Amino acid sequence: MADAFTRRLAAALYGGAIGDGIGAPVEGLRREQILELVGPINGFVRPTHYAQGAWAFCDRADGKGDGRITDDTLMVEALLVAYTEHGDHLDAYAYRDVLASITATRPVWLPEWQRKAVLLDRLASAEQYLIRGLLNSNRDPRFFGATLHQITCGAAMCAWPIGGLNAGDPRGAYDEAGAFFSAQTYSYGLEQAGVMAAAMAEALAPGATAQSVVAAAVWVARDATREMIRAAVGAIGAGADRETDLPAIRAAVRPWHHKSTHVADTDEHTVGMENVPSNRGIESRLHTSEELPVAIAMVLRADGDFEEATCASAEYGEDADSIAGMAGSLAGALLGLGAIPEAWRDDCDTQNQRDYAQMTESFASVIRSVASRDEERRMRRALTINPSPAEENNIRQAT
(Lines give C-alpha, C1' and ligand atoms only; values in the text may rest on other atoms or scores of the structure.)
Protein backbone atom coordinates (compact mmCIF):
# COMPACT_ATOMS: atom_id res chain seq x y z
CA MET A 1 0.00 0.00 0.00
CA ALA A 2 2.77 2.35 -1.03
CA ASP A 3 0.97 5.02 -3.03
CA ALA A 4 -0.64 7.97 -1.30
CA PHE A 5 -4.11 7.56 -2.81
CA THR A 6 -4.48 3.94 -1.72
CA ARG A 7 -3.37 4.84 1.80
CA ARG A 8 -5.97 7.60 2.03
CA LEU A 9 -8.58 5.20 0.69
CA ALA A 10 -7.58 2.72 3.41
CA ALA A 11 -7.89 5.50 5.97
CA ALA A 12 -11.44 6.17 4.79
CA LEU A 13 -12.32 2.48 5.21
CA TYR A 14 -10.64 2.11 8.59
CA GLY A 15 -11.96 5.49 9.73
CA GLY A 16 -15.54 4.61 8.92
CA ALA A 17 -15.33 1.19 10.57
CA ILE A 18 -13.68 2.60 13.68
CA GLY A 19 -16.25 5.40 13.99
CA ASP A 20 -19.03 2.88 13.54
CA GLY A 21 -17.52 0.65 16.23
CA ILE A 22 -17.07 3.53 18.69
CA GLY A 23 -20.60 4.84 18.25
CA ALA A 24 -22.45 1.53 18.16
CA PRO A 25 -22.76 0.78 21.91
CA VAL A 26 -24.21 4.25 22.60
CA GLU A 27 -26.53 4.38 19.58
CA GLY A 28 -29.93 5.76 20.48
CA LEU A 29 -28.77 7.48 23.67
CA ARG A 30 -28.84 11.22 24.21
CA ARG A 31 -25.59 12.89 25.18
CA GLU A 32 -26.56 13.33 28.80
CA GLN A 33 -27.26 9.60 29.04
CA ILE A 34 -23.91 8.81 27.41
CA LEU A 35 -22.02 11.04 29.84
CA GLU A 36 -23.79 9.41 32.77
CA LEU A 37 -22.96 5.90 31.55
CA VAL A 38 -19.59 6.27 29.82
CA GLY A 39 -18.30 9.75 30.54
CA PRO A 40 -16.55 11.62 27.71
CA ILE A 41 -15.87 9.22 24.84
CA ASN A 42 -12.19 8.94 23.94
CA GLY A 43 -11.98 5.50 22.34
CA PHE A 44 -13.77 2.19 21.97
CA VAL A 45 -16.66 1.64 24.37
CA ARG A 46 -17.49 -1.58 26.21
CA PRO A 47 -20.74 -3.38 25.30
CA THR A 48 -23.87 -1.88 26.81
CA HIS A 49 -27.39 -3.13 27.36
CA TYR A 50 -30.72 -1.89 28.64
CA ALA A 51 -32.15 -3.73 31.63
CA GLN A 52 -34.44 -2.90 34.55
CA GLY A 53 -35.12 0.58 33.24
CA ALA A 54 -31.51 1.68 32.85
CA TRP A 55 -28.48 1.43 30.56
CA ALA A 56 -25.43 -0.39 31.90
CA PHE A 57 -22.19 -2.01 30.78
CA CYS A 58 -22.06 -5.74 30.20
CA ASP A 59 -19.33 -8.27 29.43
CA ARG A 60 -20.03 -10.18 26.25
CA ALA A 61 -18.26 -11.17 23.03
CA ASP A 62 -21.22 -10.34 20.82
CA GLY A 63 -23.54 -7.37 20.48
CA LYS A 64 -22.46 -3.76 20.00
CA GLY A 65 -19.25 -2.67 21.69
CA ASP A 66 -15.47 -3.07 21.79
CA GLY A 67 -15.22 -1.76 18.22
CA ARG A 68 -17.54 -4.27 16.57
CA ILE A 69 -18.96 -2.90 13.32
CA THR A 70 -22.67 -2.67 12.49
CA ASP A 71 -24.75 -2.67 9.32
CA ASP A 72 -23.25 0.72 8.37
CA THR A 73 -19.82 -0.77 7.66
CA LEU A 74 -21.21 -4.09 6.48
CA MET A 75 -23.05 -2.24 3.70
CA VAL A 76 -19.87 -0.32 2.81
CA GLU A 77 -18.10 -3.66 2.45
CA ALA A 78 -20.90 -5.00 0.25
CA LEU A 79 -20.67 -1.91 -1.95
CA LEU A 80 -16.92 -2.44 -2.34
CA VAL A 81 -17.61 -6.00 -3.48
CA ALA A 82 -20.27 -4.74 -5.89
CA TYR A 83 -17.80 -2.34 -7.49
CA THR A 84 -15.17 -5.06 -7.72
CA GLU A 85 -17.54 -7.44 -9.46
CA HIS A 86 -19.29 -4.88 -11.67
CA GLY A 87 -16.06 -3.14 -12.62
CA ASP A 88 -17.64 0.15 -13.64
CA HIS A 89 -19.99 2.91 -12.51
CA LEU A 90 -23.15 1.73 -10.76
CA ASP A 91 -26.81 2.58 -11.32
CA ALA A 92 -30.16 1.40 -9.96
CA TYR A 93 -30.08 -1.74 -12.08
CA ALA A 94 -26.68 -2.61 -10.62
CA TYR A 95 -28.13 -2.02 -7.15
CA ARG A 96 -30.74 -4.69 -7.86
CA ASP A 97 -28.63 -7.13 -9.85
CA VAL A 98 -25.35 -6.84 -7.93
CA LEU A 99 -25.62 -5.23 -4.48
CA ALA A 100 -29.03 -6.60 -3.51
CA SER A 101 -27.97 -10.07 -4.61
CA ILE A 102 -24.77 -9.84 -2.56
CA THR A 103 -26.66 -8.85 0.60
CA ALA A 104 -29.28 -11.56 0.16
CA THR A 105 -27.18 -14.56 -0.83
CA ARG A 106 -23.63 -14.36 0.53
CA PRO A 107 -22.87 -15.13 4.17
CA VAL A 108 -20.36 -12.85 5.88
CA TRP A 109 -18.96 -12.77 9.40
CA LEU A 110 -21.23 -10.56 11.52
CA PRO A 111 -19.22 -9.45 14.56
CA GLU A 112 -22.34 -8.50 16.53
CA TRP A 113 -23.67 -12.02 16.11
CA GLN A 114 -20.32 -13.83 16.27
CA ARG A 115 -21.33 -16.02 13.36
CA LYS A 116 -21.79 -16.01 9.63
CA ALA A 117 -25.10 -14.99 8.08
CA VAL A 118 -26.33 -13.20 5.00
CA LEU A 119 -26.14 -9.45 5.44
CA LEU A 120 -29.83 -9.06 4.59
CA ASP A 121 -30.75 -10.66 7.91
CA ARG A 122 -28.81 -7.97 9.80
CA LEU A 123 -30.34 -4.96 8.02
CA ALA A 124 -33.17 -2.86 9.43
CA SER A 125 -36.68 -4.03 8.57
CA ALA A 126 -37.20 -1.20 6.06
CA GLU A 127 -34.11 -2.20 4.07
CA GLN A 128 -34.98 -5.89 4.29
CA TYR A 129 -38.43 -5.18 2.89
CA LEU A 130 -36.99 -3.11 0.08
CA ILE A 131 -34.27 -5.54 -1.01
CA ARG A 132 -36.63 -8.49 -0.96
CA GLY A 133 -39.07 -6.45 -3.04
CA LEU A 134 -36.37 -5.55 -5.54
CA LEU A 135 -35.33 -9.16 -5.98
CA ASN A 136 -38.83 -10.61 -6.12
CA SER A 137 -40.71 -8.11 -8.25
CA ASN A 138 -40.52 -6.81 -11.78
CA ARG A 139 -40.59 -3.14 -10.75
CA ASP A 140 -38.29 -0.58 -12.36
CA PRO A 141 -35.39 -0.28 -9.86
CA ARG A 142 -34.84 3.39 -10.76
CA PHE A 143 -38.01 4.29 -8.89
CA PHE A 144 -38.14 1.50 -6.35
CA GLY A 145 -36.68 3.62 -3.56
CA ALA A 146 -39.87 5.65 -3.50
CA THR A 147 -41.66 2.57 -2.13
CA LEU A 148 -39.64 2.72 1.09
CA HIS A 149 -42.06 3.27 3.95
CA GLN A 150 -39.59 5.19 6.09
CA ILE A 151 -36.79 7.50 4.96
CA THR A 152 -33.55 7.00 6.89
CA CYS A 153 -29.84 7.74 6.53
CA GLY A 154 -29.35 4.14 5.37
CA ALA A 155 -27.98 5.16 1.96
CA ALA A 156 -25.78 8.02 3.18
CA MET A 157 -24.11 5.87 5.82
CA CYS A 158 -22.64 3.56 3.16
CA ALA A 159 -22.29 5.95 0.20
CA TRP A 160 -18.66 6.97 0.57
CA PRO A 161 -17.23 4.31 -1.83
CA ILE A 162 -19.11 6.10 -4.63
CA GLY A 163 -17.07 9.16 -3.71
CA GLY A 164 -13.98 6.96 -3.79
CA LEU A 165 -14.68 5.78 -7.31
CA ASN A 166 -15.26 9.39 -8.37
CA ALA A 167 -12.40 10.82 -6.31
CA GLY A 168 -11.74 14.42 -7.26
CA ASP A 169 -15.14 14.82 -8.93
CA PRO A 170 -17.81 15.75 -6.35
CA ARG A 171 -20.46 16.40 -9.02
CA GLY A 172 -19.86 13.02 -10.65
CA ALA A 173 -20.06 11.32 -7.26
CA TYR A 174 -23.30 13.12 -6.41
CA ASP A 175 -24.87 12.11 -9.72
CA GLU A 176 -23.81 8.46 -9.47
CA ALA A 177 -25.08 8.16 -5.91
CA GLY A 178 -28.43 9.56 -7.04
CA ALA A 179 -28.67 7.06 -9.88
CA PHE A 180 -27.59 4.14 -7.70
CA PHE A 181 -29.49 4.75 -4.48
CA SER A 182 -32.74 5.62 -6.28
CA ALA A 183 -33.34 1.88 -5.93
CA GLN A 184 -33.11 2.18 -2.12
CA THR A 185 -34.48 5.52 -1.00
CA TYR A 186 -35.87 8.89 -2.07
CA SER A 187 -36.35 12.49 -0.92
CA TYR A 188 -33.79 13.62 1.65
CA GLY A 189 -32.52 10.06 2.07
CA LEU A 190 -31.40 10.07 -1.56
CA GLU A 191 -30.11 13.64 -1.27
CA GLN A 192 -27.87 12.85 1.67
CA ALA A 193 -26.39 9.82 -0.11
CA GLY A 194 -25.39 12.09 -2.97
CA VAL A 195 -23.93 14.72 -0.67
CA MET A 196 -21.94 12.11 1.28
CA ALA A 197 -20.48 10.74 -1.96
CA ALA A 198 -19.59 14.26 -3.11
CA ALA A 199 -17.95 15.07 0.23
CA MET A 200 -15.79 11.94 -0.02
CA ALA A 201 -14.84 12.70 -3.63
CA GLU A 202 -13.56 16.07 -2.41
CA ALA A 203 -11.88 14.65 0.70
CA LEU A 204 -9.75 12.35 -1.46
CA ALA A 205 -8.70 15.13 -3.86
CA PRO A 206 -5.17 16.54 -3.66
CA GLY A 207 -4.99 19.50 -1.32
CA ALA A 208 -8.45 18.92 0.13
CA THR A 209 -9.26 20.43 3.52
CA ALA A 210 -12.18 20.19 5.90
CA GLN A 211 -13.27 23.58 4.60
CA SER A 212 -13.22 22.39 0.98
CA VAL A 213 -15.25 19.31 1.96
CA VAL A 214 -17.88 21.56 3.52
CA ALA A 215 -17.87 23.75 0.41
CA ALA A 216 -18.31 20.76 -1.91
CA ALA A 217 -21.17 19.42 0.23
CA VAL A 218 -22.98 22.77 0.26
CA TRP A 219 -22.37 23.19 -3.47
CA VAL A 220 -24.21 20.00 -4.45
CA ALA A 221 -26.77 19.87 -1.62
CA ARG A 222 -30.41 20.88 -2.01
CA ASP A 223 -33.24 21.99 0.23
CA ALA A 224 -33.13 21.20 3.94
CA THR A 225 -29.95 19.15 3.67
CA ARG A 226 -28.02 22.19 2.46
CA GLU A 227 -29.53 24.42 5.15
CA MET A 228 -28.82 21.92 7.91
CA ILE A 229 -25.16 21.60 6.85
CA ARG A 230 -24.80 25.37 6.94
CA ALA A 231 -26.48 25.54 10.34
CA ALA A 232 -24.39 22.72 11.82
CA VAL A 233 -21.02 24.13 10.73
CA GLY A 234 -22.12 27.64 11.70
CA ALA A 235 -22.68 26.51 15.27
CA ILE A 236 -19.08 25.44 15.85
CA GLY A 237 -17.31 27.51 18.48
CA ALA A 238 -13.74 28.78 18.39
CA GLY A 239 -12.32 26.42 20.99
CA ALA A 240 -13.68 23.01 19.90
CA ASP A 241 -15.18 22.48 23.36
CA ARG A 242 -17.66 19.59 23.41
CA GLU A 243 -19.56 21.10 26.34
CA THR A 244 -20.54 24.08 24.19
CA ASP A 245 -20.21 22.80 20.61
CA LEU A 246 -22.28 19.62 20.78
CA PRO A 247 -25.35 21.24 22.37
CA ALA A 248 -24.96 24.20 19.98
CA ILE A 249 -24.89 21.95 16.91
CA ARG A 250 -27.87 20.02 18.22
CA ALA A 251 -29.85 23.21 18.69
CA ALA A 252 -28.77 24.58 15.30
CA VAL A 253 -30.07 21.60 13.30
CA ARG A 254 -33.40 21.58 15.14
CA PRO A 255 -35.45 23.67 12.66
CA TRP A 256 -34.75 21.24 9.81
CA HIS A 257 -34.86 17.97 11.75
CA HIS A 258 -37.50 15.44 10.72
CA LYS A 259 -37.61 13.75 14.13
CA SER A 260 -39.81 15.65 16.50
CA THR A 261 -38.61 13.20 19.16
CA HIS A 262 -35.08 14.49 18.84
CA VAL A 263 -35.89 18.15 19.14
CA ALA A 264 -38.28 17.66 22.04
CA ASP A 265 -35.90 15.37 24.01
CA THR A 266 -38.60 12.77 24.50
CA ASP A 267 -38.39 9.02 24.14
CA GLU A 268 -38.44 8.18 20.45
CA HIS A 269 -40.70 5.17 20.70
CA THR A 270 -43.52 7.16 22.26
CA VAL A 271 -44.04 9.36 19.20
CA GLY A 272 -46.52 8.13 16.63
CA MET A 273 -48.36 6.04 19.22
CA GLU A 274 -52.06 6.51 19.94
CA ASN A 275 -52.69 7.89 16.45
CA VAL A 276 -50.62 11.04 17.04
CA PRO A 277 -49.88 12.58 13.61
CA SER A 278 -46.21 12.77 12.68
CA ASN A 279 -44.10 13.84 9.68
CA ARG A 280 -41.22 11.67 10.82
CA GLY A 281 -39.55 9.64 8.09
CA ILE A 282 -41.68 10.83 5.16
CA GLU A 283 -40.85 12.81 2.05
CA SER A 284 -39.94 16.43 2.71
CA ARG A 285 -38.04 19.35 1.21
CA LEU A 286 -38.25 21.33 4.44
CA HIS A 287 -36.88 18.68 6.80
CA THR A 288 -34.08 16.13 6.69
CA SER A 289 -32.12 13.78 8.93
CA GLU A 290 -29.22 15.04 11.00
CA GLU A 291 -26.61 12.31 10.58
CA LEU A 292 -24.68 13.58 7.55
CA PRO A 293 -24.80 17.34 8.34
CA VAL A 294 -23.63 16.68 11.89
CA ALA A 295 -20.86 14.34 10.67
CA ILE A 296 -19.57 17.03 8.29
CA ALA A 297 -19.62 19.59 11.10
CA MET A 298 -17.70 17.20 13.36
CA VAL A 299 -14.94 16.82 10.77
CA LEU A 300 -14.64 20.59 10.51
CA ARG A 301 -14.61 21.23 14.27
CA ALA A 302 -11.98 18.50 14.87
CA ASP A 303 -9.47 20.58 12.87
CA GLY A 304 -7.29 17.68 11.70
CA ASP A 305 -7.77 15.45 14.75
CA PHE A 306 -9.16 12.05 13.70
CA GLU A 307 -9.75 10.89 17.25
CA GLU A 308 -11.76 13.99 18.12
CA ALA A 309 -13.81 13.74 14.91
CA THR A 310 -14.95 10.19 15.69
CA CYS A 311 -15.23 10.35 19.45
CA ALA A 312 -17.12 13.65 19.57
CA SER A 313 -19.48 12.29 16.91
CA ALA A 314 -20.20 9.25 19.07
CA GLU A 315 -20.65 11.41 22.17
CA TYR A 316 -23.17 13.56 20.27
CA GLY A 317 -25.50 10.59 20.63
CA GLU A 318 -28.71 9.64 18.84
CA ASP A 319 -27.63 7.75 15.68
CA ALA A 320 -24.11 7.73 17.05
CA ASP A 321 -22.67 4.91 14.95
CA SER A 322 -23.80 6.45 11.65
CA ILE A 323 -22.60 9.94 12.58
CA ALA A 324 -19.23 8.70 13.83
CA GLY A 325 -18.87 6.31 10.89
CA MET A 326 -19.41 9.04 8.28
CA ALA A 327 -17.22 11.51 10.17
CA GLY A 328 -14.51 8.86 10.55
CA SER A 329 -14.45 7.99 6.86
CA LEU A 330 -14.23 11.65 5.82
CA ALA A 331 -11.60 12.48 8.43
CA GLY A 332 -9.61 9.40 7.47
CA ALA A 333 -9.65 10.33 3.79
CA LEU A 334 -8.52 13.87 4.59
CA LEU A 335 -5.83 13.01 7.12
CA GLY A 336 -4.50 9.62 6.00
CA LEU A 337 -3.57 6.44 7.83
CA GLY A 338 -0.97 8.15 9.98
CA ALA A 339 -3.71 10.11 11.76
CA ILE A 340 -5.49 6.93 12.90
CA PRO A 341 -3.90 5.22 15.92
CA GLU A 342 -2.31 1.97 14.80
CA ALA A 343 -3.72 0.18 17.84
CA TRP A 344 -7.23 1.21 16.77
CA ARG A 345 -6.65 -0.18 13.28
CA ASP A 346 -5.29 -3.45 14.66
CA ASP A 347 -8.20 -3.79 17.08
CA CYS A 348 -10.64 -3.05 14.26
CA ASP A 349 -9.23 -5.85 12.08
CA THR A 350 -9.00 -8.31 14.96
CA GLN A 351 -12.37 -7.64 16.58
CA ASN A 352 -14.19 -7.79 13.25
CA GLN A 353 -12.12 -10.55 11.63
CA ARG A 354 -11.36 -8.31 8.64
CA ASP A 355 -8.38 -7.32 6.51
CA TYR A 356 -9.26 -3.80 5.49
CA ALA A 357 -5.86 -3.23 3.90
CA GLN A 358 -6.57 -6.01 1.40
CA MET A 359 -10.10 -4.74 0.76
CA THR A 360 -8.62 -1.35 -0.02
CA GLU A 361 -6.09 -2.74 -2.49
CA SER A 362 -8.88 -4.45 -4.45
CA PHE A 363 -11.03 -1.33 -4.51
CA ALA A 364 -8.12 0.92 -5.52
CA SER A 365 -7.47 -1.39 -8.49
CA VAL A 366 -11.10 -1.04 -9.60
CA ILE A 367 -10.95 2.75 -9.25
CA ARG A 368 -7.90 2.98 -11.49
CA SER A 369 -9.47 0.68 -14.08
CA VAL A 370 -12.69 2.71 -14.19
CA ALA A 371 -10.72 5.98 -14.28
CA SER A 372 -8.84 4.71 -17.32
CA ARG A 373 -12.09 3.93 -19.13
CA ASP A 374 -13.49 7.30 -18.06
CA GLU A 375 -10.48 8.98 -19.65
CA GLU A 376 -11.04 7.08 -22.90
CA ARG A 377 -14.68 8.16 -22.89
CA ARG A 378 -13.68 11.75 -22.13
CA MET A 379 -11.15 11.77 -24.98
CA ARG A 380 -13.71 10.37 -27.41
CA ARG A 381 -16.14 13.13 -26.45
CA ALA A 382 -13.42 15.76 -26.81
CA LEU A 383 -12.56 14.49 -30.29
CA THR A 384 -16.25 14.47 -31.19
CA ILE A 385 -16.64 18.12 -30.22
CA ASN A 386 -13.23 19.23 -31.52
CA PRO A 387 -12.22 16.80 -34.30
CA SER A 388 -8.79 16.88 -35.90
CA PRO A 389 -8.51 18.47 -39.40
CA ALA A 390 -8.55 15.04 -41.06
CA GLU A 391 -11.61 13.94 -39.08
CA GLU A 392 -13.27 17.30 -39.80
CA ASN A 393 -12.79 16.66 -43.50
CA ASN A 394 -14.25 13.15 -43.23
CA ILE A 395 -17.28 14.54 -41.39
CA ARG A 396 -17.85 17.12 -44.09
CA GLN A 397 -17.67 14.48 -46.81
CA ALA A 398 -20.07 12.24 -44.92
CA THR A 399 -22.62 15.02 -44.45
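For residues that are charged (D, E, K, R) and out of contact with any helix residue (DSSP H, G or I) (no Cβ under 6 Å at 6 or more places or on another chain), scanning just the stretch 133-166, find the one that is most open to solvent (accessible area, probe 1.4 Å). If you could, list the steps in order and put the result at the bottom.
Initially, the stretch 133-166 is screened for residues charged (D, E, K, R), giving 139-140, 142.
Now restrict to residues that are out of contact with any helix residue (DSSP H, G or I) (no Cβ under 6 Å at 6 or more places or on another chain): 139-140.
Values: 139: 125, 140: 49 Å².
Within the stretch 133-166, the match that is most open to solvent (accessible area, probe 1.4 Å) is 139.
Can you pull out every residue in the stretch 63-74 that is open to solvent by 10 Å² or more (accessible area, probe 1.4 Å) and in contact with a Leu (Cβ under 9 Å, 6 or more places away or on another chain)?
71 - this is the single residue of the stretch 63-74 that is open to solvent by 10 Å² or more (accessible area, probe 1.4 Å) and in contact with a Leu (Cβ under 9 Å, 6 or more places away or on another chain).
List the pairs whose first member sits in the stretch 50-65 and is outside any loop (DSSP other than H, G, I, E, B), whose second member is of a type in the set (Phe, Trp, Tyr), and whose Cβ atoms are under 9 Å apart, counting only residues at least 6 apart or on separate chains?
56/50
In the stretch 1-43, which residues are in a loop (DSSP other than H, G, I, E, B) and over 21 Å from residue 291 (Cα atoms)? First the steps, then the outcome.
Residues of the stretch 1-43 that are in a loop (DSSP other than H, G, I, E, B), as a first pass: 1-3, 27-29, 38-43.
Scanning the stretch 1-43 gives 1, 2, 3, 38, 39.
Please state which of the following conditions residue 92 fails to meet, knowing it meets all the rest: (1) surrounded by fewer than 19 Cβ atoms within 10 Å (Cβ to Cβ); (2) at pLDDT 95 or above.
In the conditions (1) surrounded by fewer than 19 Cβ atoms within 10 Å (Cβ to Cβ); (2) at pLDDT 95 or above, residue 92 misses (1) alone.
Quick check on my filter: what residues within the stretch 163-186 are hydroxyl-bearing (Ser, Thr, Tyr) and either touching a strand residue (DSSP E or B) at 6+ places or on another chain (Cβ under 7 Å) or not in a helix (DSSP H, G or I) (or both)?
Just the residues of the stretch 163-186 that are hydroxyl-bearing (Ser, Thr, Tyr), to begin with: 174, 182, 185-186.
The answer is 182, 185, 186.
Kindly establish whether residue 30 is closer than 15 Å to residue 363 by Cβ, surrounded by fewer than 19 Cβ atoms within 10 Å (Cβ to Cβ) and not polar (S, T, N, Q). Step through it out loud before you land on a result.
On the way: closer than 15 Å to residue 363 by Cβ: no; surrounded by fewer than 19 Cβ atoms within 10 Å (Cβ to Cβ): yes; not polar (S, T, N, Q): yes.
Judged against the criteria, residue 30 is not a match.
Anything in the stretch 238-259 that is assigned to a helix (DSSP H, G or I) and without any contact (Cβ under 8 Å) to a residue 12 or more places away in the chain? List them, or say none. Step through it out loud before you land on a result.
Applying the first criterion (assigned to a helix (DSSP H, G or I)) to the stretch 238-259 yields 242-256.
Once the filter is applied, which keeps residues that are assigned to a helix (DSSP H, G or I) and without any contact (Cβ under 8 Å) to a residue 12 or more places away in the chain, the stretch 238-259 yields 243, 244, 254.
Determine whether residue 304 is under 22 Å from residue 15 (Cα atoms), assigned to a loop (DSSP other than H, G, I, E, B), open to solvent by 20 Å² or more (accessible area, probe 1.4 Å) and at pLDDT below 95. Can you show your working first?
On the way: under 22 Å from residue 15 (Cα atoms): yes; assigned to a loop (DSSP other than H, G, I, E, B): yes; open to solvent by 20 Å² or more (accessible area, probe 1.4 Å): yes; at pLDDT below 95: yes.
Yes: the conditions hold for residue 304.
Are there any pairs with C-beta distances below 9 angstrom linking a residue in the stretch 353-366 that is closer than 16 Å to residue 85 by Cβ to a residue that is small (Gly, Ala, Ser), with the two at least 6 apart or on different chains, and if so which?
Close Cβ pairs (under 9 Å, with a partner that is small (Gly, Ala, Ser)) amount to 359/10; 361/10; 363/164; 364/10; 364/164; 366/87.
Restricting the search to the stretch 167-181, which residues are without any contact (Cβ under 8 Å) to a residue 60 or more places away in the chain and either surrounded by 24 or more Cβ atoms within 10 Å (Cβ to Cβ) or of a type in the set (Val, Ile, Thr) (or both)? Lay out the reasoning, then the answer.
So the first thing to find is which residues in the stretch 167-181 are without any contact (Cβ under 8 Å) to a residue 60 or more places away in the chain, and the list is 168-175, 177-178.
Answer for the stretch 167-181, where residues must be without any contact (Cβ under 8 Å) to a residue 60 or more places away in the chain and either surrounded by 24 or more Cβ atoms within 10 Å (Cβ to Cβ) or of a type in the set (Val, Ile, Thr) (or both): 170, 173, 174, 177.
Would the stretch 2-20 turn up any residue that is among the polar types (S, T, N, Q), in contact with a strand residue (DSSP E or B) (Cβ under 9 Å, 6 or more places away or on another chain) and in contact (Cβ under 8 Å) with a residue 24 or more places away in the chain?
Just the residues of the stretch 2-20 that are among the polar types (S, T, N, Q), to begin with: 6.
Keeping just the survivors that are in contact with a strand residue (DSSP E or B) (Cβ under 9 Å, 6 or more places away or on another chain) gives none.
Within the stretch 2-20 (the criterion being among the polar types (S, T, N, Q), in contact with a strand residue (DSSP E or B) (Cβ under 9 Å, 6 or more places away or on another chain) and in contact (Cβ under 8 Å) with a residue 24 or more places away in the chain), the answer is no, since none of the residues qualifies.
Inspect the stretch 229-237 for any residue being touching a Ser or Thr at 6+ places or on another chain (Cβ under 6 Å) and either modelled with pLDDT under 95 or assigned to a loop (DSSP other than H, G, I, E, B) (or both) and give the result as yes or no. Outline the logic, then answer.
So the first thing to find is which residues in the stretch 229-237 are touching a Ser or Thr at 6+ places or on another chain (Cβ under 6 Å), and the list is 237.
Imposing the further condition that a residue be either modelled with pLDDT under 95 or assigned to a loop (DSSP other than H, G, I, E, B) (or both) reduces the set to 237.
For the stretch 229-237, residues touching a Ser or Thr at 6+ places or on another chain (Cβ under 6 Å) and either modelled with pLDDT under 95 or assigned to a loop (DSSP other than H, G, I, E, B) (or both): present.
State yes or no: is residue 84 open to solvent by 10 Å² or more (accessible area, probe 1.4 Å), at pLDDT 95 or above and under 20 Å from the mean Cα position of the chain (by Cα)? Even if it seems obvious, please write down each step before you answer.
On the way: open to solvent by 10 Å² or more (accessible area, probe 1.4 Å): yes; at pLDDT 95 or above: yes; under 20 Å from the mean Cα position of the chain (by Cα): yes.
Yes, satisfied.
Residues being assigned to a helix (DSSP H, G or I) and buried (at least 23 other Cβ atoms within 10 Å of the Cβ): count how many of those fall in the stretch 191-225. Walk me through how you get there before you give the answer.
Narrowing the stretch 191-225 to residues assigned to a helix (DSSP H, G or I): 191-203, 210-220, 223-225.
Subsequent filtering for residues that are buried (at least 23 other Cβ atoms within 10 Å of the Cβ) retains 191-203, 210, 213, 216-217, 220, 224-225.
The qualifying residues number 20.
Residue by residue, here is whether (1) surrounded by 13 or more Cβ atoms within 10 Å (Cβ to Cβ); (2) modelled with pLDDT of 95 or more; (3) farther than 25 Å from residue 352 by Cβ holds:
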{"site": "98", "(1), (2), (3)": "yes, yes, no"}
{"site": "101", "(1), (2), (3)": "yes, yes, no"}
{"site": "108", "(1), (2), (3)": "yes, yes, no"}
{"site": "116", "(1), (2), (3)": "no, yes, no"}
{"site": "119", "(1), (2), (3)": "yes, yes, no"}
{"site": "123", "(1), (2), (3)": "yes, no, no"}
{"site": "126", "(1), (2), (3)": "yes, no, no"}
{"site": "131", "(1), (2), (3)": "yes, no, no"}
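Collect the residues in the stretch 307-341 that are more than 16 Å from the chain's Cα centre (by Cα), among the acidic types (Asp, Glu) and open to solvent by less than 10 Å² (accessible area, probe 1.4 Å), keeping them in residue-number order. Steps first, answer last, please.
Step one: of the stretch 307-341, the residues more than 16 Å from the chain's Cα centre (by Cα) are 307-308, 311-312, 315-317, 335-341.
Right, trim to among the acidic types (Asp, Glu) and you get 307-308, 315.
Across the stretch 307-341, the qualifying residue is only 315.
Answer yes or no as to whether residue 154 is outside any loop (DSSP other than H, G, I, E, B) and under 19 Å from residue 127 (Cα atoms). Talk me through it step by step, then tell me what you get.
Details: outside any loop (DSSP other than H, G, I, E, B): no; under 19 Å from residue 127 (Cα atoms): yes.
No; evaluated as a whole, the condition is false for this residue.
The values are calculated or read from the model by the stated rules, or taken from the named source; none is laboratory data. Bear in mind that the values here come from a model prediction, so they are computed numbers and not experimental data. Cβ sites come from the backbone with ideal geometry, for glycine too, and all protein chains shown count toward neighbours. Note: accessible area is taken over every heavy atom of the protein model, side chains too, but ligands, DNA and RNA are not part of it. Shrake-Rupley method; radii C 1.70, N 1.55, O 1.52, S 1.80 Å.
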